[in-house]
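Let me begin by handing over the structure; questions about it come next.
The values are calculated or read from the model by the stated rules, or taken from the named source; none is laboratory data. Owing to the predicted nature of the structure, the values given are computational and were not obtained by experimental measurement. Note that we place each Cβ from the backbone using ideal geometry, even for glycine, and neighbour counts take in every protein chain shown. Keep in mind that these areas ignore ligands, DNA and RNA; they rest on the heavy atoms of the full protein, side chains included. Shrake-Rupley method; radii C 1.70, N 1.55, O 1.52, S 1.80 Å.
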Amino acid sequence: MDPAALTTLLSELIATWENEVVEFKQAGDGFSTDDIGKYFSALANEANLRGAERAWLVFGVHNKARTVVGTDYRREPERLQSLKQQIAENTTPRITFRDIHELQHTGGRVLLFEVPAAPRGMPISWKGHYHARAGESLAPLGLDKLDEMRGQTLAQDWSAQRVPGAALAALDETAVRKARESFAQKHANRFAADEVAGWPLATFLDRARLTIDGQVTRTALLLLGKAESAWHLLPHPAQLTWKLEGPERAYEHFGPPLLLSTSQLYQRIRNIQLRLLPQDELLPVEVAKYDQKIVLEALHNCIAHQDYARNGRVVVTEQPARLVFENEGGFYEGQPLDYLEGHKIPRRYRNPFLAQAMAELNMIDTMGWGIHDMHARQARRYFPMPDYDLSDPAAVKLAIYGGVVDPAYSRLLIQKTDLPLADVLALDRVQKKLPIPDEAAAGLRRAGLIEGRKPNYHVSAQVAAATDQKADYIRTRAQDDEFYAKLLTDYLQRYGSATRAEINKLLLPKLSEVLSAEQKYVKVSNLLAKLRRRGTIVNTGSDTAPRWQLAERN
């Protein structure tokens, strides 16, 4: 929103004052993150119950006078935006602010935190506790409200509904033939392929969980229906869209039968061979830009987990170096991280009838292995790990990389093919400049795979040298404090004294480039304090205008 729109919004919120979906706080810089999390949980839940798309937490407005007084809360932009990650880490399901709007009002600085409504059927907890509002106060989410929210998804399975007027003639013959083949492969230990091919159509469709007592379901039309029979599913579009972005632009829509359409969409993706050069070798390793199994796994997951009641379509956007998959409906059971190790089994599906049919046709598994397999296959191809974006609670966005982010990461995977997936995931976060747990960082450091100081980890010297990053490594490597101390004492010995500005000019360019300007300034301050305590230097100026020189030795 632009400042004018934010000013209008703020005026409207103040005019209606506090209610179950709006909370005002004066809020100083020390306002508790834990309290913000509780308000996030309460406001998200109340927005869901009232059918609102969002709720608002507003800082910088006096709670009694109802006037703008301004707030000093997290004035540094990076620190303010980091609150999103802090909220996401402690909410279940894992969501955060849709946006944090900053308004320079005539009365002072105002922050408007945009809180998304909790997804249907999924109340939001903060650190394991559900919160709600009782007038203007926080309160536990009562059982009545909890039951109301959880009951939002107890309606009948959309995908299992019979379609009046749709006969078996509405199904595509080629898709049915492909379905028989896939079913026979899935159940090769139970049925011979000839036997499956000889079943009457109605018998096969019932056994494949596509129809119910011979009656056509929405699942049957989605997966096997003729293109001209898609009208039976209106107003649900039942559509896949491929979109090309970059120097060239193109798009194409694909409708039923989705059993065939997913492969047709895959054929639109420009899947060239890429060449990666291993360390100390002249022969490159060739890999396809995208792995067909990974692409189809992601696409089939979109179909299986789509919230069809939202009347949306699955969109696959081909960008120059990655594919982005988008489908309607939040992540339904757990979070993507829960499935990385391949141990979690989903207990429920948004479309259980559709999921079962897709499993019978060998399109998906129902054991939760798909996410693990996509990550493992990307690792074997030396590419970055997939990224999930769950910032919108009403949708899921998945990015599959088709190129190298950091050559050091890819060459490291070529060299060390036995790395555990957990280590690969941590290295992937390092190359993407994302934080990693302290335990993971310690393990990678012991293995000689990373260097640097938290949070600015980078590729170790050994790997950097192998990837023509030697110069970058020297610039980013942190030197010992004695190195900087020697520079300073040599300077003072030659010139007699130095102001803080002169010392900054001497030392700041020598510090590691992974440090921010603020971190560099603090490091120099700490170094001066350390040398003063040792008795190496003294301040002959004042606290506000220091002048440093070497201490006289007795």
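Select from the range 414-429 the residues that are closer than 11 Å to Pro384 by Cβ and of a type in the set (Val, Ile, Thr) and list them in ascending order.
The first filter runs over the range 414-429 and keeps only residues closer than 11 Å to Pro384 by Cβ, leaving 424-425, 427-429.
Within the range 414-429, just Val424 meets the criteria.
Now a separate question. Quick test of your reading of the structure: Ser263 fulfils all but one of (1) on the phi < 0 side of the Ramachandran plot; (2) of a type outside the set (D, E, K, R); (3) in contact (Cβ under 8 Å) with a residue 40 or more places away in the chain. Name the failing condition by number.
Failing condition for Ser263: (3).
Let me ask something additional. So which of Asp428, Asp406 is in contact with a Pro (Cβ under 6 Å, 6 or more places away or on another chain), open to solvent by less than 40 Å² (accessible area, probe 1.4 Å) and of a type in the set (Asp, Glu)? Working first, answer last.
Details: Asp406 fails: in contact with a Pro (Cβ under 6 Å, 6 or more places away or on another chain).
On inspection, the qualifying residue turns out to be Asp428.
Go through the range 190-234 and count every residue that is more than 18 Å from Asn351 (Cα to Cα) and in a loop (DSSP other than H, G, I, E, B).
8
Of everything in the range 486-524 that's closer than 23 Å to Ala551 by Cα and of a type in the set (D, E, K, R), which residue is farthest from the chain's Cα centre (by Cα)?
Result: Arg494.
Same structure, new question: Is it fair to say Val163 is under 20 Å from Arg310 (Cβ atoms) and surrounded by 16 or more Cβ atoms within 10 Å (Cβ to Cβ)?
Details: under 20 Å from Arg310 (Cβ atoms): yes; surrounded by 16 or more Cβ atoms within 10 Å (Cβ to Cβ): yes.
Answer is yes for this residue.
When Glu333 is evaluated against the numbered criteria (1) more than 30 Å from Asn48 (Cα to Cα); (2) among the charged types (D, E, K, R); (3) assigned to a loop (DSSP other than H, G, I, E, B), which criterion, by number, is the only one it fails?
Of the numbered conditions (1) more than 30 Å from Asn48 (Cα to Cα); (2) among the charged types (D, E, K, R); (3) assigned to a loop (DSSP other than H, G, I, E, B), the odd one out for Glu333 is (1).
Quick grid of which residues meet (1) among the hydroxyl-bearing types (Ser, Thr, Tyr); (2) crowded, with 21+ Cβ neighbours inside 10 Å; (3) touching a strand residue (DSSP E or B) at 6+ places or on another chain (Cβ under 7 Å):
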residue	(1), (2), (3)
Gly342	no, no, no
Ile345	no, no, no
Tyr349	yes, no, no
Ala355	no, yes, no
Ile364	no, yes, no
Gly368	no, no, no
Arg377	no, no, no
Pro384	no, yes, yes
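Give me the pairs, please: first residue somewhere in the range 289-309 and farther than 14 Å from Phe383 by Cβ, second residue anywhere and open to solvent by 10 Å² or more (accessible area, probe 1.4 Å) and of a type in the set (S, T, N, Q), beta-carbon distance under 7 Å, and either six or more positions apart or on two chains.
Sorted first by the residue in the range 289-309, then by its partner, the pairs are Cys302/Asn327; His305/Asn327; Gln306/Asn327.
Go over the candidates Leu9, Leu43 one by one and state the one that is surrounded by 14 or more Cβ atoms within 10 Å (Cβ to Cβ), in contact (Cβ under 8 Å) with a residue 40 or more places away in the chain and within 19 Å of Thr106 (Cα to Cα).
Details: Leu43 fails: within 19 Å of Thr106 (Cα to Cα).
Matching residue, one of Leu9, Leu43: Leu9.
Exactly one of (1) closer than 30 Å to Ala52 by Cα; (2) among the hydrophobic types (A, V, I, L, M, F, W, C); (3) surrounded by fewer than 18 Cβ atoms within 10 Å (Cβ to Cβ); (4) at pLDDT 90 or above is unmet by Leu398. Its number?
(3)
Right, something else. Based on what the data block shows, is Leu508 in contact with a Lys or Arg (Cβ under 6 Å, 6 or more places away or on another chain), assigned to a helix (DSSP H, G or I) and open to solvent by less than 70 Å² (accessible area, probe 1.4 Å)? It would help to see each step written out before you state the result.
Numbers: in contact with a Lys or Arg (Cβ under 6 Å, 6 or more places away or on another chain): yes; assigned to a helix (DSSP H, G or I): yes; open to solvent by less than 70 Å² (accessible area, probe 1.4 Å): yes.
Yes, satisfied.
Hey, another quick one. Taking the range 128-144 as the search range and keeping residues that are within 19 Å of Pro93 (Cα to Cα), in contact with a strand residue (DSSP E or B) (Cβ under 8 Å, 6 or more places away or on another chain) and among the hydrophobic types (A, V, I, L, M, F, W, C), which one is least open to solvent (accessible area, probe 1.4 Å)?
The selected residue is Ala132.
Find all pairs meeting these conditions: Cβ atoms under 7 angstrom apart; at least six residues apart or on different chains; first residue within the range 528-554 and in contact (Cβ under 8 Å) with a residue 40 or more places away in the chain; second residue part of a loop (DSSP other than H, G, I, E, B) and open to solvent by 60 Å² or more (accessible area, probe 1.4 Å).
Arg547/Thr540; Gln549/Thr540
Just for the range 53-94: of the residues that are closer than 22 Å to Leu143 by Cα and open to solvent by less than 30 Å² (accessible area, probe 1.4 Å), which one is modelled with the lowest pLDDT?
Pro93
Every residue, every condition in (1) assigned to a strand (DSSP E or B); (2) surrounded by 13 or more Cβ atoms within 10 Å (Cβ to Cβ), yes or no:
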site: Ser512; (1), (2): no, yes
site: Lys520; (1), (2): no, yes
site: Asn526; (1), (2): no, no
site: Leu531; (1), (2): no, yes
site: Val538; (1), (2): yes, yes
site: Asp543; (1), (2): no, no
site: Gln549; (1), (2): yes, yes
site: Glu552; (1), (2): no, no
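I'd like to know if the range 215-224 contains one or more residues that are buried (at least 16 other Cβ atoms within 10 Å of the Cβ), modelled with pLDDT under 95 and on the phi > 0 side of the Ramachandran plot.
no
Answer yes or no as to whether Pro200 is open to solvent by less than 40 Å² (accessible area, probe 1.4 Å) and either of a type outside the set (Ser, Thr, Tyr) or modelled with pLDDT of 95 or more (or both). Working first, answer last.
Details: open to solvent by less than 40 Å² (accessible area, probe 1.4 Å): no; either of a type outside the set (Ser, Thr, Tyr) or modelled with pLDDT of 95 or more (or both): yes.
When the stated conditions are applied, Pro200 does not pass them.
Also, I was wondering about something else. For the range 260-272, indicate whether the set of residues that are closer than 16 Å to Tyr308 by Cβ and open to solvent by less than 10 Å² (accessible area, probe 1.4 Å) is non-empty.
Filtering the range 260-272 down to residues closer than 16 Å to Tyr308 by Cβ leaves 261.
Adding the requirement that they be open to solvent by less than 10 Å² (accessible area, probe 1.4 Å) leaves 261.
Within the range 260-272, one or more residues are closer than 16 Å to Tyr308 by Cβ and open to solvent by less than 10 Å² (accessible area, probe 1.4 Å).
Taking helices (runs of 4 or more DSSP H) that fall entirely within the range 370-465, which contain at least 2 residues that are over 25 Å from Glu286 (Cβ atoms)? Outline the logic, then answer.
Working: elements: 370-380, 407-415, 421-431, 438-446.
So the answer is 370-380, 421-431, 438-446.
Right, here's the next one. Given Glu286, Glu248, which one is open to solvent by 30 Å² or more (accessible area, probe 1.4 Å), over 29 Å from Leu205 (Cβ atoms) and either assigned to a loop (DSSP other than H, G, I, E, B) or aromatic (Phe, Trp, Tyr) (or both)?
Details: Glu286 fails: either assigned to a loop (DSSP other than H, G, I, E, B) or aromatic (Phe, Trp, Tyr) (or both).
On inspection, the qualifying residue turns out to be Glu248.
Sticking with this structure for a sec: Only one of (1) hydrophobic (A, V, I, L, M, F, W, C); (2) at pLDDT 65 or above; (3) over 30 Å from Asn539 (Cα atoms) is not met by Ala498, so which one is it?
Only one criterion in (1) hydrophobic (A, V, I, L, M, F, W, C); (2) at pLDDT 65 or above; (3) over 30 Å from Asn539 (Cα atoms) is unmet by Ala498, namely (3).
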